[in-house]
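Undergrad: Below are the structure tokens for one structure; questions will follow.
Throughout, read-outs are computed from the coordinates displayed, never taken from laboratory work. For clarity, every value in this text was computed on a predicted model and none was experimentally measured. Quick reminder, even Gly has a Cβ in these numbers, built from the backbone with ideal geometry, and neighbours come from all protein chains shown.
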Amino acid sequence: MFGQRSFFISKDLSHRSATQIQGKVGISSEKMMKDQVSVPRRGNFLAQEDIIGNTLYDLQSNNASQSRLVVNPDGSKAATWMLSQLPDFSERGTGFNEFDGNSWQTRPTVRLEANLRTGWPSLIQLGDGSFHITTHTGGTNLHSLTRAPGVAQWTESSVPNNVPVGVLWPRTAVGGPDSLTVHLLALTTPPFLQGGAAYLGVDGHLLYYRSLDGGQTWDVLDQVIPGLDSTGYGLISADSYTIVASGDNVVVIVFGEWGDIAAFKSVDNGDSWSKIVISDFPLDGYSIDEGYTTADIPADPFAPDSLAIYTSDGTGAALLDHDGVLHVAWADMYVADNDTTDGNSSFYPGWSGVTYWNENLSEPVFVGSFLDYNGNDTIDLSLINIPAYGSSTTSMPVIGIDSDGFVYVAYSMVSEAHFNDLDQQNYRHIVGTRSEDGGQTWGDLFDIINSDLVDPDVVEFVEAVYPSAWPYVDDRFHIIYQQDFFPGHTFQDSLDPAADNLIAYTGVPKESFAGGMTSVRQNRNELSARIFPNLVSDQLTVLIEAEQSAGATIRIITTSGNAVHQESGMPSRFIHDCSDLLPGMYLITLQSRDKHFTAKFVKI
């Protein structure tokens, strides 16, 4: 084990948990207070960020973000989030704030709901100007709040269903600026929660609902979308899906950790559906512990283990552009089920990468990974410093498009340059990039958490997570996100106490994003290679893309700079014997022509 957290972590299906790091590093009380207590904001900076709310409840989503931001052509905006001001979260509910074109309202201190504890709000604005929010209650039914224009009072109601185990974790979409049609997704309560059970053969079944009158009545209830059922999925994780709509086009996207990354599209307002497989998962309808062999999955030179399968980490986002074309982004991940007796699967939290696809592309395109702040062609991270979210190191992507057809993607990335000394973990920052050619190539990454957009006094102490974006970019890419002052969240990491977290709105000028760089999985001068495992007892496997491997030279170097091995003429796949190395951290460098690769591994 490396720092009590391994690269290969067992995944408990009840709460995507990662091994917690025990112990803290001594630090002054002054620094501890600076990390823990919310910091006053300076006056508006460049008028691009506002703190619109705060909450002690810091788990805003289990996976993908919901629709939580509305931006209108007149400049008015509205946003929502999970709000709690008590450390036991007993009054958790919906936080809501709106911008009238000049300023945001005072930050709310109480939830919208009168008497009901809720969570996971999904916000849309209907064609008559009404706001509609759908939440879950932890019980059988979902809960809705609706507020008509010019009315202060919210009307509360229950969304009906006929599912014995109830439904949770909703997502909503509206059919357009003149529409009253509400499209809703919800997941049946999975077996690991009290009262939950498999539904129609799926542990967490995704169901579709529709209202044609703004949520007053529901003409479609509990609908199973063809293909989005036990034939394709044995389980669907909480929040690992989204829904978008435009006119009569409605699309459900599933970021299937153990199933296809797929879109289910309707062109008749939800009456009928067709399936588009974006990334095929080789095991249809797989259930944990069912078992498979290497013969059941395709060969993958980048897979970190022989039984590892490429998929998403459950996070992603989508939009329908003005021509009805679907655009999707997701975070890369590998999963495995090596032990078929424990009821768990495994994932690789050290993995990175965000991928994009649209209906005009023949195959998905890699968007980006880490931002190399110091320009040394190495990402200076170790797994001990990765906060526990149960996701990849580059995760939670959001997506937008402007009137020129430029596509924008932003995501939360573990930053090599920002470190919390108290718990010895790296912070996450939100970075963004843009494509100016329909998603074929992507520009350099831009760190949105910078002193032009965020209070300079707190830039170094912000954990930026759970972004939610308005999909249509005007002069700005509009995003809300959560600012935490400890990496990780309270429910998975004992190092993150229940403390004040801020909900920030940021309007990122679209000129901040660059476009047009060649879209590859590495820097332009970086050799495309992988090593595994990162924790080595005897053999280290090195993979180099075949067209780049000719004449490759390998060097293994200690952290003090001493070379302990060097040889040339390496094939595209080879195994190096590390049994004679002393325990500790090493660098491995590969050089082939003008391209190079550097990574770290630990001899145990």
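Undergrad: Among 541, 529, 570, pick out the residue whose Cα is farthest towards the positive end of the charge dipole of segment 529-603, where Lys and Arg carry +1 and Asp and Glu carry -1 on C-beta, about the Cα centre.
TA: 529
Undergrad: Determine, for 491, 461, the number of other Cβ atoms within 10 Å of each Cβ, and report the residues in order from fewest to most.
TA: 491, 461
Undergrad: Report for the chain the percent antiparallel among DSSP-assigned beta bridges with both residues inside it, nearest 5.
TA: 95
Undergrad: If I stretch the segment between residue 472 and residue 90 completely, what's the gain in nm (0.36 nm per residue apart, minus their alpha carbon distance), one decimal?
TA: Taking 0.36 nm per residue and subtracting the Cα distance, the gain is 133.9 nm.
Undergrad: If you place +1 on the Cβ of every Lys and Arg and -1 on the Cβ of every Asp and Glu, how big does the dipole about the Cα centre of segment 9-512 come out, in debye to the nearest 20?
TA: That gives a dipole near 1280 debye.
Undergrad: Rounded to the nearest 500 deg cm²/dmol, what is the calculated helix-only ellipticity per residue at 222 nm for the chain, with -39500 (n - 2.57) per DSSP H run of length n ≥ 4?
TA: Mean residue ellipticity at 222 nm (helix-derived): -500 deg cm²/dmol.
Undergrad: Could you run the Karplus curve 6.51 cos²θ - 1.76 cosθ + 1.60 with θ = phi - 60° over segment 148-154 and give me ³J(HN,Hα) per residue in whole Hz, x for Gly and Pro?
TA: 6, x, x, 10, 7, 7, 8
Undergrad: Here's a follow-up. Within a Cβ distance under 12 Å of residue 371, other residues only, what is the Lys/Arg minus Asp/Glu net charge?
TA: Surrounding charge for residue 371 is -4.
Undergrad: Okay, next question. Quick one: which residues, 5 or more positions from residue 483 or on another chain, have an amide H under 5 Å from its amide H? H modelled 1.01 Å from N in the peptide plane, none for Pro or chain starts.
TA: Amide H neighbours of residue 483: 502, 503, 504.
Undergrad: Counting Lys and Arg as +1 and Asp and Glu as -1, what is the net charge of the other residues whose Cβ lies under 15 Å from the Cβ of residue 247?
TA: -4
Undergrad: Between residue 162 and residue 491, what is the label-to-label distance in nm when each label sits 7 Å out along the Cα-to-Cβ direction?
TA: Result: 3.1 nm between the two label points.
Undergrad: Separate question: Could you tell me what a quarter of the Cα convex hull surface of segment 529-603 works out to, in nm² with one decimal place?
TA: 4.3
Undergrad: Roughly speaking, what is the stretch gain from residue 155 to residue 452, that is 0.36 nm per residue apart minus the C-alpha to C-alpha distance, in nm to one decimal?
TA: 103.0 nm
Undergrad: Out of residues 5 or more away from residue 286 or on other chains, whose amide H comes under 5 Å of its own, with H placed 1.01 Å from N in the peptide plane?
TA: Close amide H contacts, sequence-distant or interchain: 234.
Undergrad: Output the Kirkwood hydrodynamic radius of the chain, Cα pairs only, in Å rounded to one decimal.
TA: Here the Kirkwood hydrodynamic radius works out to 24.7 Å.
Undergrad: Work out how far the C-alpha atoms of segment 263-335 reach from end to end along every principal axis, then list the three figures in whole Å, largest first.
TA: For segment 263-335, the Cα spread along each principal axis is 42, 23, 18 Å.
Undergrad: Between residue 373 and residue 229, what is the label-to-label distance in nm when each label sits 7 Å out along the Cα-to-Cβ direction?
TA: Label-label distance for residue 373 and residue 229, simple model: 5.1 nm.
Undergrad: Could you please report the charge total around residue 392, scoring K, R as +1 and D, E as -1 over all other residues with beta-carbon less than 10 angstrom from its beta-carbon?
TA: Here the count lands on -2.
Undergrad: Treating cross-link reach as a plain straight distance, find the aspartates and glutamates whose alpha-carbon is under 18 Å from the alpha-carbon of residue 275, omitting any fewer than eight places away in the same chain.
TA: 229, 248, 257, 260, 284, 359, 363
Undergrad: On to the next question. Length gain on complete extension for the stretch residue 76 to residue 363, per 0.36 nm per residue less the alpha carbon to alpha carbon distance?
TA: Extra length available between residue 76 and residue 363 comes to 99.6 nm.
Undergrad: At a Cα cut-off below 18 Å, give the aspartates and glutamates reachable from residue 603, other chains included and same-chain residues fewer than 8 away excluded.
TA: Once the sequence-local aspartates and glutamates are set aside, what remains near residue 603 is 305, 380, 538, 577, 580.
Undergrad: Name the long-range amide H neighbours of residue 205: under 5 Å, sequence gap of 5 or more, or other chain; modelled H, no Pro or chain starts.
TA: 188, 199
Undergrad: So how far apart, in nm, are the two label points at residue 499 and residue 417 if each is 7 Å from Cα heading toward Cβ?
TA: Rounded to a tenth, the inter-label distance reads 2.3 nm.
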